[in-house]
1. When Ile51 is evaluated against the numbered criteria (1) within 22 Å of Ala92 (Cα to Cα); (2) free of Cβ contacts under 8 Å to residues at least 12 places away in the same chain, which criterion, by number, is the only one it fails?
2. Consider only pairs whose beta carbons are under 6 Å apart and that are at least six residues apart or on different chains; among these, list those whose first residue lies in the stretch 96-117 and is β-branched (Val, Ile, Thr) and whose second residue is exposed (fewer than 15 other Cβ atoms within 10 Å of the Cβ).
3. For Thr136, indicate whether it is within 20 Å of Val93 (Cβ to Cβ), surrounded by 13 or more Cβ atoms within 10 Å (Cβ to Cβ), in contact (Cβ under 8 Å) with a residue 24 or more places away in the chain and of a type in the set (S, T, N, Q).
4. For the stretch 45-75, give me each residue that is more than 15 Å from the chain's Cα centre (by Cα) and of a type in the set (Gly, Ala, Ser).
5. Which numbered condition trips up Phe120, out of (1) assigned to a helix (DSSP H, G or I); (2) modelled with pLDDT of 95 or more; (3) out of contact with any Phe, Trp or Tyr (no Cβ under 9 Å at 6 or more places or on another chain)?
Amino acid sequence: MLLVRRFCRDDWDWVQEWFRDPVLDQELGPLDDEWLEHVLTDPGSAELVVIRESEPVALVGCVWGPIEHTVSDIAVPRSLRRSGVGSLALRAVLTWRGHPPVSRWVAYVHPSNPAAFGFFTEQGWEHFGIDDGMHTFRLVLT
């Protein structure tokens, strides 16, 4: 079973450790004190920690909008990549009760990130082409 909670300042050390991985740093980083303060204080978003057996297994960013919410980032430690934990974490985050209600989610994927493109495709998100230089994926909740 996965637990989803908001990111807190105490998470900063392990998040920095995860982002020493060149893949995470290239795709989602770099992280700095400005990022930390933003995710701790922005009322229009949530950086969520997904926990399995008391250990963090994913970090997922969500930006809330009036019509749809955006998955802004998904980070999984190198040791768990391609294990299916990202899929489980995304499902857990989408059903987290702390989100304002909407019926649609969107994710933007850079063309240089085929792994993320494949990930959202495998999750059943619909690809809507490229908008502003990014692949756009949408998921309508039922």
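The values are calculated or read from the model by the stated rules, or taken from the named source; none is laboratory data. Since this is a predicted model, take the numbers as computed values, not measurements. Glycine also receives a Cβ, built like all others from the backbone with ideal geometry; neighbour counts cover every protein chain displayed.
1. (2)
2. So the pair list comes out as Val106/Arg138.
3. On the way: within 20 Å of Val93 (Cβ to Cβ): yes; surrounded by 13 or more Cβ atoms within 10 Å (Cβ to Cβ): yes; in contact (Cβ under 8 Å) with a residue 24 or more places away in the chain: yes; of a type in the set (S, T, N, Q): yes.
When the stated conditions are applied, Thr136 passes them.
4. Within the stretch 45-75, Ser54, Gly65 qualify.
5. Only one criterion is unmet by Phe120, namely (3).
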